[in-house]
Amino acid sequence: MTKWAKYSGMIAAGVLSAGVLTGGLATAQPTGGASTSGATCSIKVGSVTAGGDHRLQTFAIDGSKVVDKIVAKDIYPDGQVRLSATMRFGDTDTGDEAHTGPVIMGPALYDTSYLTPAGGGAVSQKQVTRVGGGWDVYRSLDRSTVVTATTQRDTEYSLHNDGTLYRRNVSYQNGVPSRQVTGWQSGYSGVKAMTLISQTSTYDTFLMTLTSGKLYTAHLPLAGGQVIPGVVKEVRSSTWQGFESLVAAPCGTGTLLLGIDKDSGSGYLYHVGHANGTATTIQSLGKAAGTFTDPAYFLWKNFAGQDLAGE
């Protein structure tokens, strides 16, 4: 994989156990009622199109679409990408813009890296590198990257079809990534969609919708041995089962959340306050402009961008 010198590393209510995350059925659309307190946040929603292009749609907090463009064409073969983790991007010493992140195509995991001119355009130095097979049994993928003045933590999470959530540490030697399973936790069989909402040096937190319609957070400490001592909290008890994909961006101490209903091709924006179980405030911001029919959605995050701080 490619290294760019500027980054000196790889650019490529109540506490419940996780066992409660099982199926069920509920109806209706989510509602809420908290104020965004004058926030001027936005969310950079990425997707892989059916034609294998990388797309960017930026939405303001009022649901209006600020940007809609193809960042790079033909990054992947047509119709192959099933899941994508967060894609990171930013300026390099060459004056170009670097883009990097993992995807799942068919049964295999791939690492992606490439350059474009600032803002997108002709692709150079593209590398889509096969990591290994056996990934057709996973239904969710994301990566949490936390950078300090001296360290960089890259932690990947993947949800197995049997309801086990796996955590892997990603490390680099001479720019080449390697992965090691560092923990797992069972009991997530009812999860329909999940997105990272908080990341620190000691834990990551996901927001999860269930097939039963419930909305939960899963607080996952990085310490604690092979079995992740995750703490799962109910946020809402019903009406969230309609979303097949979630994308979240930081918004102060809360989260700007996009829920995507692939059946209708619609997206809905919410401001989620700092997560605190059923006391968490959620404000519905309305329907996002446009349609959402691409196969895979993810967050575009700038190398120098704010970390998620939703819990």
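Residue check: Glu234 meets all listed conditions (1) part of a strand (DSSP E or B); (2) crowded, with 21+ Cβ neighbours inside 10 Å but one, namely (2). Which one of the conditions (1) in contact with an Asp or Glu (Cβ under 9 Å, 6 or more places away or on another chain); (2) part of a loop (DSSP other than H, G, I, E, B); (3) over 21 Å from Phe59 (Cβ atoms) does Gly187 fail to meet, given that it meets all the rest? Unmet condition: (1). The numbered conditions (1) at pLDDT 95 or above; (2) over 20 Å from the mean Cα position of the chain (by Cα); (3) crowded, with 18+ Cβ neighbours inside 10 Å are all true for Ser140 except (2).
On the stretch given as region 202-216, residues that are closer than 25 Å to Gln152 by Cβ and in contact with an Asp or Glu (Cβ under 7 Å, 6 or more places away or on another chain) total 1. For region 273-300, filtering for residues that are more than 16 Å from Val48 (Cβ to Cβ) and in a strand (DSSP E or B) leaves 8.
Going through (1) surrounded by fewer than 17 Cβ atoms within 10 Å (Cβ to Cβ); (2) in contact with a Gly (Cβ under 9 Å, 6 or more places away or on another chain); (3) closer than 27 Å to Leu220 by Cβ one by one, Leu165 falls short only on (1).
The values are calculated or read from the model by the stated rules, or taken from the named source; none is laboratory data. Small disclaimer: the values here were computed from a predicted structure and weren't measured. All Cβ positions, even for glycine, are placed from backbone atoms using ideal geometry, and neighbour counts span all protein chains on display.
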